[in-house]
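Structure first, then comments.
The values are calculated or read from the model by the stated rules, or taken from the named source; none is laboratory data. Source: prediction; values computed, not measured. Neighbour counts run over all protein chains shown; Cβ positions are idealised from the backbone, glycine included. With ligands, DNA and RNA removed, areas are computed over all heavy atoms of the protein, side chains included. Shrake-Rupley method; radii C 1.70, N 1.55, O 1.52, S 1.80 Å.
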Amino acid sequence: MDSFLQQVVNAVSLGAIYSLFALGYALVFSILGVLNLAHSAVFMTGAFVGLLLVDKLHQPLWIAAPLAMIAAGFVSILLEFVAFRPLRQRGAARMSQLISSIGAALLIVNLAQLAFKPLWGGTEAYFPQGLVPDQPIVIEALSLRIVPIRMIILVIALALVIALQYLVMRTRIGQQMRAVAFNQRTAALLGINVGRVYVLTFFLAGLLGGAAGLLYGLVFLNVTPFIGDDVALVGLTAIVLGGLGSINGALVGGFLVAAIQTFSIAIGGSNYKNAVVFGLLFVLLLARPQGLFGQSESTRA
Amino acid sequence: MALLEVSDLWVSYGMIAALRSVSFKLEEGQVVTLIGANGAGKSTTLNTLSGLLRASAGSIRFNGVEMIGRRPDRIAAMGMVQVPEGRQVIANMSVAENLTAGAHVRRDGRTDEELAAIYARFPRLNERRTQKAGLLSGGEQQMLAVGRALMMQPTLLMMDEPSMGLAPLLVKDVFRIIAEIKERGISILLVEQNARQALAIADYAYVLERGKVVAEGTAAELSNNPAILAAYLG
Ligand SMILES: Nc1ncnc2c1ncn2[C@@H]1O[C@H](COP(=O)(O)OP(=O)(O)OP(=O)(O)O)[C@@H](O)[C@H]1O
Ligand SMILES: [Mg+2]
C-alpha cells in the first residue's frame, strides 16, 4: 500500500478533475434550477474529441486540448437548444427537463459508440504511451512517487477554476449571469439578454466538463463512450455535498469525494468505491439536503 | 404624438382574462398614474409593457413605435424601464453591483456621472456600496431599485407600487423622489394603491377595476367623483 502522503497526492489531483466536472453541473443548476444530467456526456465528448485529434489526426496535445474543450462547449450549447430551451419555453416542469437531459445523454453516448467502432474497432481506445510525461518523480525522503501528469492536471484545473471565479465575480458578463441566477425576470427588466446568458453558461459548463473529461482520459490513458458514467454519480455527490448551485461548494465537494474514494480504495479495494460514494450521497440527502455547508444564496453564481 | 399610447390591450393568464381592452396614454414629461385595488391588473399592465407578458390583442406604441413582440431587454434598452413590484433588488449582489447591473443599456455612456449623482442623492446607498443588497432595509431597497432604474437612462420610468410596505415617513420620501425624477424630464407611469398620494403628484390618472379602465381624469376631476372618492380615497 502506498504511503498516506501518496494517497493525498492522488486524491488531490483526482479531486481537481471532479471539481472541474462538478462545476459544470453547478453552473447550469444555479441558472436554470435544473440538473443537466447530460453533463456526463459532455465530459465524454472532451475525452473523445481529444483522443480523436491526438490519435487519428496526429495533433499535439496543446492544440487538441483547447479544441476538445471547445467541442464539448458546443455540445453543451446544443443541449440547451435541444433538451432544455424548447421545454422551458412551453413552461414544462423541471422534472421533464431533467428527463429530457437524460435522453440527450443516452443519445450522445450512442453516437459516440457508433463512431468508436469504425475508428478504434470497439468501444475502448487508448491515448498513445508517452504522450504525457509518465516517469514518476520520486521523493525518497517522503517515499513519494508523483506522476507528473497529476501535477499538470492540478495546475490546469486550478487555473481554470480561478479563471471561472474571475469571470463570474469580476466581469460584466459574470454580473449578468448572477443576475439571471437570482431571477430571470428581474434580469430581463435590467436589459439583460437572458437567452444569451443561458447559452454562455452552457458553453462555460461544457468547456470545464470537456477539460475534465480530457484530463481524466490522460490520467487513466483509456477512453470509452461510457467514461462519463464513471463521474456522473461522483459529480452529483460533489454538488449535493457542496450545496446544489454553489460554485465554491462544487469545488470543495469534488475534492471531498475524491478523498473519500481514494481512501476507501486504499482501505477496502476498488470494488467498493462507487458503493461508498453512493452511500455517502444517500446519507447526505437524508441528513442535510441543503449540502454539507448549507451554502446560502450568497455564493450562488 | 403621445410618448406612450396603449390601445385595446388584452392579456390573459391561460383562460383567465386579466386585461380587457385597456387603453390609456401618457404625454412626454407627464406623471400618469394607474390606480386600482388588489388584482385589478396593474402589474399585468406594466409587465406587458415591459415585454414579460405577451398581449393577445392590442397595441403599445412608444414614441410611435410598436413594442408588442419585442424582448424585455430590448424594450428596456429603448428607454422603457420598470421598477418592479417588491423592488426585486438582487439580494446576493452588493449595492454597487445592483446599481450597475442594467447600466449597459445607457445610450449616453455617462454611467460614472449618473452613479455619482445617485450616491450624492442617496448617501445611505453610498455608505453601503459594498454591502449585500439583501441586508438593506425596505426603504433603502426601494431607493436602490429606483437608482438602478435611473442608471439605465429611462425615457419612461414605470413604477409598480413604490410605496408598498413602507412607513408613512418613507412613503413621503418616495413621492418626493418621484417629483424630482419628473423635474429631470423623465416621464413616469406610476402604479399605486395609495391613491391619495398618487393623485397628488399625477398629471392624469386612470382607474383600473377587474382588468378594465373604469374612470379617468385629472386628479381634481377624480377627487370630485363620488364613486372614486368612496372606493379609493375612503
Ligand atoms: N401568474 C399569474 N397566473 C394567473 N393569474 C394571475 C397571475 N398573475 C396575476 N394573475 C391574476 O391576474 C389578475 C391581475 O393581477 P395583477 O397582479 O396584475 O394585479 P395588481 O393590480 O397588480 O394587484 P396588486 O395590487 O395586488 O399587485 C388577478 O386576478 C390575478 O389573480
Ligand atoms: Mg401588482
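Within the range B:10-36, restricting attention to residues that are more than 21 Å from B:Val65 (Cβ to Cβ), open to solvent by 50 Å² or more (accessible area, probe 1.4 Å) and assigned to a loop (DSSP other than H, G, I, E, B), the residue that is farthest from ligand 1 (Cβ to nearest atom) is B:Met15.
The residues on offer are A:Ser96, A:Ser101, and the sole one that is touching a residue at least 40 places away in the same chain (Cβ under 8 Å) and open to solvent by less than 50 Å² (accessible area, probe 1.4 Å) is A:Ser101.
Could you look through the range B:137-173, keep only residues that are within 13 Å of chain A (Cβ to nearest Cβ) and within 16 Å of ligand 1 (Cβ to nearest atom), and pick out the one that is farthest from B:Glu28 (Cα to Cα)? Taking the candidates together, the pick is B:Ala145. For the range B:17-61, filtering for residues that are within 16 Å of ligand 2 (Cβ to nearest atom) and either within 14 Å of another protein chain (Cβ to nearest Cβ) or closer than 20 Å to B:Ile178 by Cβ (or both) leaves 15. Would the range A:130-137 turn up any residue that is among the small types (Gly, Ala, Ser) and part of a helix (DSSP H, G or I)? Checked the range A:130-137: no residue is among the small types (Gly, Ala, Ser) and part of a helix (DSSP H, G or I). The single residue among B:Gln88, B:Gln82 that is within 16 Å of ligand 2 (Cβ to nearest atom) and assigned to a strand (DSSP E or B) turns out to be B:Gln82.
Any chance you could count how many residues in the range A:251-289 are outside any helix (DSSP H, G or I) and either on the phi < 0 side of the Ramachandran plot or touching a residue at least 40 places away in the same chain (Cβ under 8 Å) (or both)? Before you say what the answer is, go through the steps one by one.
From the range A:251-289, those outside any helix (DSSP H, G or I) are A:269, A:288-289; that's our starting set.
From what is left, the residues that are either on the phi < 0 side of the Ramachandran plot or touching a residue at least 40 places away in the same chain (Cβ under 8 Å) (or both) are A:288-289.
So the answer is 2.
Scanning the range B:62-96 for residues that are at the interface with chain A (Cβ under 7 Å from one of its Cβ atoms) and closer than 26 Å to B:Gln131 by Cα yields B:Gln82, B:Pro84, B:Gln88, B:Ile90, B:Ala91, B:Asn92, B:Met93.
Based on what the data block shows, is B:Arg176 in contact with a helix residue (DSSP H, G or I) (Cβ under 6 Å, 6 or more places away or on another chain), more than 16 Å from ligand 1 (Cβ to nearest atom) and assigned to a helix (DSSP H, G or I)? It is false that B:Arg176 is in contact with a helix residue (DSSP H, G or I) (Cβ under 6 Å, 6 or more places away or on another chain), more than 16 Å from ligand 1 (Cβ to nearest atom) and assigned to a helix (DSSP H, G or I). When A:Gln184 is tested against (1) open to solvent by less than 10 Å² (accessible area, probe 1.4 Å); (2) within 14 Å of chain B (Cβ to nearest Cβ), only condition (1) is not met.
Just one of the numbered conditions (1) within 16 Å of ligand 1 (Cβ to nearest atom); (2) surrounded by fewer than 16 Cβ atoms within 10 Å (Cβ to Cβ); (3) assigned to a loop (DSSP other than H, G, I, E, B) is not true of B:Gly69; which one? Every listed condition holds for B:Gly69 apart from (1).
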